[in-house]
Amino acid sequence: MNKSLVTKVISTIAVFLLLGMGIRSYFGVPLFVSDLSGVSILVSFLGTIYTLVAAFTIVEVWGQFNTVSNLLSKEAKAITSIWNYIDYLNDAKLDKAMKVALTNYVEATIKNEHAEAARGQRSIHPSTELLSIFHTLDQITFNDKRDATVFPLIVTAYEDLSSIRSERIDASVTRLPSMLKFFFNTLTLFLMVGVSLIGFSATFLYVLSIIAAAFVTSITYQIIFDLDNPFDGDWNISYEPFEEAKKYIEQNKHEANSK
């Protein structure tokens, strides 16, 4: 765990520990022990619901996280496919223009669209950079039989890029519903208050139970709400496929072949 996450977890444990010790001091240990059975039933009920809601939510946000990651990989693959197909045309001028268009697209996605997605802001589609790729393709001239054969493949790769980009933008701004967030937060609070009311004659056992419960709920909370935004927080989407695609385009020079 990084320092930010550790700090959040420790802070949460400290808050609930102070809350529990305050409740224990105010009501007294005898009251805790006498009502132990009733409080235990409440905690068991809340714990069961919390487990189900937390498990369902983690599966959803983890699936969404992986979806965005996979779409970024597919988008990077479509970019390199366009660059590879351009090689068949043996057009130095087109090569230069396409290299600029593709690298600009990658840079805009990593820098600008990453920040927009982190804010939950939908990026414009089609973007200026995507249209630049389209306009570059529009400059293709057919001066060889092979050009006519390759051109449909280039168009298909561009259409794939555009479609994947649209899906990636939709997935990037998808977040948990506000009502679900409110319900989970409220359920977490009720559960921790219930744990704080569990009676232990020994203060050590009481403190240990608070720490354990606060640790589990805090980690669960951080996982859910961090993965819900794959572009900000402790766990972020990797743009390595895009960086590798840019590196590949910059380093892989097309050689002119005889037609």
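The values are calculated or read from the model by the stated rules, or taken from the named source; none is laboratory data. As the structure is a prediction and not an experimental result, all values here were calculated from the model. Every residue, glycine as well, gets a Cβ built from its backbone with ideal geometry; the counts of neighbours run over all protein chains shown. Heavy atoms of the whole protein, side chains included, go into the accessibility calculation; ligands, DNA and RNA do not. Shrake-Rupley method; radii C 1.70, N 1.55, O 1.52, S 1.80 Å.
Table for the structure above
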item	result
Where Arg168, Arg175 fall by accessible area, highest first, once all protein chains stay in place (1.4 Å)	Arg175, Arg168
Leading residue at positive end of dipole, the stretch 107-259 (Cβ point charges), from Val150, Ile110, Thr203	Thr203
Cα long-axis angle, helix 203-227 against the chain (0 to 90 degrees, to the nearest 10)	20 degrees
Accessible-area ranking of Trp235, Trp83, Trp62, largest first, probe 1.4 Å	Trp62, Trp235, Trp83
Hydrodynamic radius by Kirkwood, which averages 1/r over all alpha carbon pairs of the chain, in angstrom	22.1 Å
Heavy-atom accessible area order for Ser69, Ser196, Ser163, largest first, 1.4 Å probe	Ser163, Ser69, Ser196
About the Cα centre, charge dipole magnitude for the stretch 60-126 (Lys/Arg +1, Asp/Glu -1 at Cβ), debye	100 debye
Paramagnetic label zone (point 7 Å from Cα along Cα-to-C-beta, Thr141; backbone N under 14 Å) in the stretch 74-93	90-93
Unit Cα scatterers, Debye sum, the stretch 154-259: log10 I(q)/I(0) for q = 0.20, 0.23 Å⁻¹	-1.13, -1.25
Candidates Met98, Met179, Met21, ranked by Gaussian network fluctuation over the chain, Cα under 10 Å, top entry	Met179
Calculated FRET value between Gln251 and Ile124, using beta carbons and R₀ = 41 Å, to 0.05	0.85
Kirkwood hydrodynamic radius of the stretch 116-183, from inverse mean 1/r over distinct Cα pairs, in Å	14.6 Å
Rounded to 10°, Cα long-axis angle of helix 145-172 versus longest principal axis of the chain	20 degrees
Of Lys96/Lys247; Lys111/Lys246; Lys74/Lys181, those spanning more than 20 Å from alpha-carbon to alpha-carbon	Lys74/Lys181
